[in-house]
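Visitor: Can you read through this structure? Questions will come right after.
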Amino acid sequence: MNTLVIAEHYHIQIEALVAGNNIDLLNEQIRIHQPKFVAIANEKDRDRVNHSHVFCGTEGILEIIEMSQSRTVVNALVGYVGLAPTIKATSLGKKVALANKESLVVAGEFIDTSLITPIDSEHFGLWYLLNERPVSKLYITASGGAFREWEISKMASATFADALKHPNWSMGNKITIDSATMMNKLFELLEAKWLFDTPQIDALIEKKSIVHALIEFKDGSTTAHFAGVDMKLPIAFALQGKVEEPILPAVDLLGMGSIEFLPICEKHYPIWQIKNHLLAHPHLGVTVNAANEEAIKAFEKGRCSFFGMSDIVLDAYQKFETITPNNLKEIIMIDKEVRAYVHQR
């Protein structure tokens with residue numbers, strides 16, 4: 001939705017739209033933006049779509065990317081399903097405005113990052129702050145998720161519904177669960193490693209979600225990026241290249257009150273214990289992602305506890321620690337092996 005708002009603001013023609021299962025919303029977007037092509041998740045919904053060129057599933061998305069003349073693709077798909085469109089678009093030399101974390105987490109080594117423009121607020125913030133001065137370390141911030149104020153003993157019995165009650169905003173199920181476990185931030189660290197070519201990256205909790213990124217320079221100074229919780233600004237830069245007008249309201253510095261930064265505790269967020277090893281071995285992102293997606297499914301179905309999700313990921317991480325993919329074909333194979341292992345366990 002934010003992309004369409006920005007496209008309309010700058011009079012950018014939408015050539016193709018990709019939707020999941022919300023056909024009513026898609027039809028409204030078709031009416032307004034008049035795309036040449038649309039794609040939906042399921043073939044069974046085709047007759048409900050008010051368009052003559054409807055494609056279905058992942059193959060449909062890839063076909064649209066290949067057919068389109070547009071040089072920019074916005075990829076905001078959630079999960080592993082977003083990898084193939086990123087690979088397809090970059091292989092065709094198209095620029096990708098990327099909000100799909102899993103693309104770089106799973107296969108960052110095999111993606112041309114010169115064609116990637118990040119539209120997550122954290123990575124956009126880092127990009128916004130970077131300049132010619134020597135950098136010592138990059139920082140991104142985390143909200144802390146649904147259980148940031150909970151006692152650890154209470155978290156052990158938390159339900160799927162509990163984990164979806166994010167204190168700052170409403171997001172999709174997977175991203176909200178990943179926020180609660182801190183997996184979301186672990187993924188963003190991996191993204192930053194590939195985007196900015198450094199393992200010197202860390203995360204801190206900032207509960208108000210006003211500071212999105214900080215850069216520590218070698219001269220001892222640190223700069224921070226303050227902005228409202230809204231992706232319109234990074235999307236505007238990704239689509240327009242240059243922004244010289246207000247996109248967001250200015251931050252009310254007096255109204256926001258005090259800001260504090262807190263460490264991410266491994267007892268509260270067990271997945272954090274692999275952070276340093278994963279940044280040193282980023283090819284293991286495919287293992288973490290596959291195990292995590294299966295763990296979330298298990299938690300939703302009541303087959304494991306909240307902390308059980310982290311146990312599943314950590315177990316798979318140890319099991320597949322020595323595997324190194326050499327190409328995208330092996331990435332796909334490892335993804336399948338990890339998911340099969342998690343199911344078997």
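The values are calculated or read from the model by the stated rules, or taken from the named source; none is laboratory data. These figures come from a predicted structure and were not determined experimentally. We place every Cβ from the backbone using ideal geometry, glycine too, and count neighbours over all the protein chains shown.
Visitor: Taking into account only those residues within the range 83-115 that are of a type in the set (A, V, I, L, M, F, W, C) and under 13 Å from the mean Cα position of the chain (by Cα), which is nearest to residue 59 (Cα to Cα)?
Guide: 83
Visitor: Do any strands (runs of 3 or more DSSP E) lying entirely in the range 1-73 carry at least 3 residues that are under 27 Å from residue 91 (Cα atoms) and touching a residue at least 60 places away in the same chain (Cβ under 8 Å), and which ones are they?
Guide: none
Visitor: Return yes when residue 158 is modelled with pLDDT under 95, surrounded by fewer than 24 Cβ atoms within 10 Å (Cβ to Cβ) and of a type in the set (A, V, I, L, M) and no when it is not.
Guide: Taking the combined requirement at face value, the residue satisfies it.
Visitor: Among the listed residues 198, 223, identify the single one that is at pLDDT 95 or above, under 23 Å from residue 128 (Cβ atoms) and not hydrophobic (A, V, I, L, M, F, W, C).
Guide: Unique residue meeting the criteria: 223.
Visitor: For the range 165-190, give me the residue count where each residue is more than 12 Å from the chain's Cα centre (by Cα), buried (at least 17 other Cβ atoms within 10 Å of the Cβ) and farther than 21 Å from residue 263 by Cβ.
Guide: Total meeting the criteria: 1.
Visitor: Follow-up question, since we're still on this one. Which is surrounded by fewer than 20 Cβ atoms within 10 Å (Cβ to Cβ), at pLDDT 90 or above and touching a Pro at 6+ places or on another chain (Cβ under 7 Å), of 218, 193?
Guide: 218
Visitor: I've got another one for you. Being in a strand (DSSP E or B) and in contact (Cβ under 8 Å) with a residue 12 or more places away in the chain is the requirement here; does residue 89 meet it?
Guide: Criteria not met by residue 89.
Visitor: Exactly one condition in (1) surrounded by 21 or more Cβ atoms within 10 Å (Cβ to Cβ); (2) within 17 Å of residue 25 (Cα to Cα); (3) among the polar types (S, T, N, Q) is false for residue 50; which is it?
Guide: (1)
Visitor: Would it be correct to say that residue 152 is modelled with pLDDT of 90 or more and either within 24 Å of the chain's Cα centre (by Cα) or over 22 Å from residue 303 (Cα atoms) (or both)?
Guide: Here the answer is no, as residue 152 does not meet what is asked.
Visitor: Follow-up. Quick one: is residue 114 closer than 28 Å to residue 280 by Cβ and touching a Lys or Arg at 6+ places or on another chain (Cβ under 7 Å)?
Guide: No.
Residue-wise test of (1) over 15 Å from residue 120 (Cβ atoms); (2) in contact with a Cys (Cβ under 9 Å, 6 or more places away or on another chain); (3) of a type in the set (Val, Ile, Thr); (4) not in a helix (DSSP H, G or I).
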{"site": "202", "(1), (2), (3), (4)": "yes, no, no, yes"}
{"site": "223", "(1), (2), (3), (4)": "yes, no, yes, yes"}
{"site": "233", "(1), (2), (3), (4)": "no, no, no, no"}
{"site": "236", "(1), (2), (3), (4)": "no, no, no, no"}
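Visitor: Filter the range 309-324 for residues that are under 12 Å from residue 345 (Cα atoms) and in contact with a Phe, Trp or Tyr (Cβ under 8 Å, 6 or more places away or on another chain); which is surrounded by the most Cβ atoms within 10 Å (Cβ to Cβ)?
Guide: The qualifying residue surrounded by the most Cβ atoms within 10 Å (Cβ to Cβ) is 316.
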